[in-house]
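A.B. asks: Pasting a structure here, questions to come.
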Number of protein chains: 2
Amino acid sequence: MSPDPAPTPAPATPAALSLAERKRRLVSDELSEAALQLLATKGFDAVTVDEIGAAAGVSKRTFFRYFASKEDVVVRFLADMGTGIHAELTARPAGEPPSTALRHAVWVPVAACAGHSERALRVVQLILRTPALLARFLERQAEWRDHLAAELGRRHGLDPEIDLYPRMAAGMALTAFDAVLRRWSDSEGAEDPADLLDRAFALITPALDAVG
Amino acid sequence: MSPDPAPTPAPATPAALSLAERKRRLVSDELSEAALQLLATKGFDAVTVDEIGAAAGVSKRTFFRYFASKEDVVVRFLADMGTGIHAELTARPAGEPPSTALRHAVWVPVAACAGHSERALRVVQLILRTPALLARFLERQAEWRDHLAAELGRRHGLDPEIDLYPRMAAGMALTAFDAVLRRWSDSEGAEDPADLLDRAFALITPALDAVG
DNA sequence: CCGCGCATGTCACTCGGTGTCAAGATGTCA
DNA sequence: TGACATCTTGACACCGAGTGACATGCGCGG
């Protein structure tokens with residue numbers, strides 16, 4: 001899944017980046033920029049990795065030293081979302097009802113989209129309408145679900161290997177996430193993500209909080 | 001998505017299959033058999049399409065005339081499930097509560113698994129633990145969700161483009177399907193699919209039937 | 001018997017992705 | 001300053017998935 005060297009690793013000391021690290025980050029950004037630009041305009045299959053490399057001024061081989069696959073460039077955009085959800089969930093107070101905790105957790109990536117909507121919208125649209133990308137994205141979501149289920153099990157003293165609740169609750173939360181993302185994408189960003197998320201969670205809250 | 005000619009089309013007259021049609025079916029079955037056998041034992045990436053073709057006695061090119069991709073062979077095994085779910089849902093009586101209708105709909109593929117558990121189990125396991133296959137499978141599920149949402153909208157007089165309920169309900173039902181499949185797979189077929197499905201639906205029923 | 005269509009095999013090609021190696025840049029220590 | 005180690009890159013060869021084009025062989029209707 002990961003390229004050869006650690007790609008764009010979060011630096012231990014944000015202030016003092018080594019020169020090499022900054023150079024790596026520069027190339028990575030250049031590649032990402034070029035790729036997103038090309039893919040969003042020409043479509044996923046119509047762009048070759050050679051093209052992306054050329055646009056960024058590096059070789060195809062170098063591209064693959066930064067990104068595991070062509071899909072990876074795009075999905076990376078959404079990748080941190082998963083960890084964001086999980087982190088937020090663990091940070092929520094223990095006594096909080098599942099619906100509230102999960103809504104706040106899912107809000108993290110949604111807010112990120114709502115924030116820089118210009119670019120995020122185009123990338124989300126690219127993902128949702130490109131089968132190969134959608135597949136990768138859903139694959140990520142499946143991972144998130146595992147992690148969320150584990151965390152929910154921890155919060156409520158349930159074993160995800162025995163009780164169905166954790167996995168189901170995580171699945172419902174991500175279903176809401178998915179519905180919101182799609183509606184936001186289809187409406188060209190016109191619909192308010194916060195409102196969509198609230199409405200989606202209103203639908204699943206009765207099931208979420210009926211934990212026994 | 002689909003190979004060149006219509007692959008294994010359901011014949012209009014099951015009794016009188018043309019010779020050509022039977023030949024196609026034969027090759028398709030042979031290919032499918034060989035592929036599933038090889039993939040399940042050696043793992044997805046360790047098997048080349050040339051190998052599969054050789055095992056079935058045809059060329060690589062012919063393989064791709066029957067299956068759109070290597071993933072396709074496996075996913076096809078689960079593909080009809082989607083149409084099965086949808087067909088069952090449309091067949092359910094109109095007055096039925098959503099939870100009941102959806103439970104019966106999702107039961108169709110689950111029952112198919114429970115039926116020929118020997119082979120189905122191995123294929124399901126192959127899919128769930130091979131990233132590329134899982135991705136394809138999830139992609140299919142996304143399609144099912146669209147269709148189910150449309151059908152649910154029809155049943156309840158809601159526009160899936162306006163109300164979130166249809167998509168959310170479809171998503172919850174598929175979340176249950178997913179949880180059941182995974183638990184069944186992880187338990188090596190020991191857990192009872194019917195029981196798992198009932199328990200999964202018990203969790204989402206309050207949300208499903210709270211349609212307004 | 002002849003031609004038509006269909007399935008197949010062969011070949012060549014594109015493209016995603018990887019292994020390998022040699023060369024250049026940089027950083028360090030003496 | 002010079003020798004050495006490390007890291008990044010480009011170039012090249014290679015594999016495997018997937019496709020297009022063409023030729024061949026077979027069954028079927030005339």
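The values are calculated or read from the model by the stated rules, or taken from the named source; none is laboratory data. Note that the coordinates shown come from a computational prediction; the quantities given were computed from them, not determined experimentally. For neighbour counting, all protein chains shown are included, and Cβ atoms are generated from backbone atoms with ideal geometry for every residue, glycine included.
Residue by residue, here is whether (1) assigned by TED's automatic domain parsing to the domain that holds B:ALA173; (2) farther than 23 Å from A:PHE137 by Cβ; (3) of a type outside the set (A, V, I, L, M, F, W, C) holds:
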{"site": "B:VAL47", "(1), (2), (3)": "no, yes, no"}
{"site": "B:PHE63", "(1), (2), (3)": "no, yes, no"}
{"site": "B:PRO97", "(1), (2), (3)": "yes, yes, yes"}
{"site": "B:VAL123", "(1), (2), (3)": "yes, yes, no"}
{"site": "B:LEU134", "(1), (2), (3)": "yes, no, no"}
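A.B. asks: From the list A:SER18, A:SER69, A:SER59, A:SER28, exactly one residue is surrounded by fewer than 16 Cβ atoms within 10 Å (Cβ to Cβ), within 10 Å of DNA strand D (Cβ to nearest atom) and modelled with pLDDT of 85 or more. Which is it?
C.D. replies: Numbers: A:SER18 fails: modelled with pLDDT of 85 or more; A:SER69 fails: within 10 Å of DNA strand D (Cβ to nearest atom); A:SER28 fails: surrounded by fewer than 16 Cβ atoms within 10 Å (Cβ to Cβ).
Every option except A:SER59 fails the conditions.
A.B. asks: Hey, B:HIS86 hits all of (1) farther than 22 Å from B:ARG140 by Cα; (2) surrounded by 14 or more Cβ atoms within 10 Å (Cβ to Cβ) but one; which does it fall short on?
C.D. replies: Going through the list (1) farther than 22 Å from B:ARG140 by Cα; (2) surrounded by 14 or more Cβ atoms within 10 Å (Cβ to Cβ), B:HIS86 breaks only (1).
A.B. asks: Can I ask one more? Among the numbered criteria (1) within 16 Å of DNA strand C (Cβ to nearest atom); (2) touching a Pro at 6+ places or on another chain (Cβ under 8 Å), which single criterion is violated by A:GLY84?
C.D. replies: (1)
A.B. asks: Do we have any residue at all in the range A:150-164 that's in contact (Cβ under 8 Å) with a residue 40 or more places away in the chain, buried (at least 23 other Cβ atoms within 10 Å of the Cβ), within 10 Å of chain B (Cβ to nearest Cβ) and closer than 20 Å to B:ARG182 by Cβ?
C.D. replies: no
A.B. asks: Something else about it: Given B:LEU196, B:LEU148, B:LEU134, which one is within 14 Å of the chain's Cα centre (by Cα) and farther than 17 Å from B:PRO97 by Cβ? Can you show your working first?
C.D. replies: Working: B:LEU196 fails: within 14 Å of the chain's Cα centre (by Cα); B:LEU148 fails: farther than 17 Å from B:PRO97 by Cβ.
Checking each option against the conditions leaves just B:LEU134.
A.B. asks: Hey, which of the helices (runs of 4 or more DSSP H) in the range A:19-74, taking only ones fully inside, have at least 2 residues that are among the hydroxyl-bearing types (Ser, Thr, Tyr) and within 18 Å of A:VAL124 (Cβ to Cβ)? So that I can check it myself, show each step before the final result.
C.D. replies: Details: elements: A:19-42, A:49-56, A:60-66.
So the answer is A:19-42.
A.B. asks: A follow-up question, please. I'd like the full set of residues that are surrounded by 21 or more Cβ atoms within 10 Å (Cβ to Cβ) and more than 8 Å from every other protein chain (Cβ to nearest Cβ), limited to the range A:175-191.
C.D. replies: Once the filter is applied, which keeps residues that are surrounded by 21 or more Cβ atoms within 10 Å (Cβ to Cβ) and more than 8 Å from every other protein chain (Cβ to nearest Cβ), the range A:175-191 yields A:PHE177, A:VAL180, A:LEU181, A:TRP184, A:SER185.
A.B. asks: Considering each residue of the range A:32-53, count those that are within 14 Å of DNA strand D (Cβ to nearest atom), surrounded by 15 or more Cβ atoms within 10 Å (Cβ to Cβ) and of a type in the set (A, V, I, L, M), and give that number.
C.D. replies: Qualifying residue count, the range A:32-53: 3.
Residue-by-condition table, conditions (1) out of contact with any helix residue (DSSP H, G or I) (no Cβ under 6 Å at 6 or more places or on another chain); (2) of a type outside the set (A, V, I, L, M):
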{"residue": "B:ARG129", "(1), (2)": "yes, yes"}
{"residue": "B:GLU139", "(1), (2)": "no, yes"}
{"residue": "B:LEU164", "(1), (2)": "no, no"}
{"residue": "B:LEU196", "(1), (2)": "no, no"}
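A.B. asks: Return the only residue of B:HIS104, B:HIS116 being in contact with an Asp or Glu (Cβ under 7 Å, 6 or more places away or on another chain) and either surrounded by fewer than 20 Cβ atoms within 10 Å (Cβ to Cβ) or at pLDDT 95 or above (or both). Quick ask: steps written out before the conclusion?
C.D. replies: Numbers: B:HIS116 fails: in contact with an Asp or Glu (Cβ under 7 Å, 6 or more places away or on another chain).
The conditions single out B:HIS104.
A.B. asks: For the range B:46-79, name all the residues that are free of Cβ contacts under 8 Å to residues at least 24 places away in the same chain and not polar (S, T, N, Q).
C.D. replies: Within the range B:46-79, B:ALA46, B:VAL47, B:VAL49, B:ASP50, B:GLU51, B:ILE52, B:GLY53, B:ALA54, B:ALA55, B:LYS60, B:ARG61 qualify.
A.B. asks: Would you point out which residue out of B:ALA6, B:ALA35, B:ALA40 is away from DNA strand C (no atom under 14 Å from the Cβ), at pLDDT below 95 and not assigned by TED's automatic domain parsing to the domain that holds B:ALA79?
C.D. replies: On the way: B:ALA6 fails: away from DNA strand C (no atom under 14 Å from the Cβ); B:ALA35 fails: at pLDDT below 95.
Going through B:ALA6, B:ALA35, B:ALA40 in turn, just one is away from DNA strand C (no atom under 14 Å from the Cβ), at pLDDT below 95 and not assigned by TED's automatic domain parsing to the domain that holds B:ALA79: B:ALA40.
A.B. asks: Might you let me know whether the range A:106-128 holds any residue that is within 22 Å of the chain's Cα centre (by Cα), away from chain B (no Cβ under 14 Å) and within 16 Å of DNA strand C (Cβ to nearest atom)?
C.D. replies: yes
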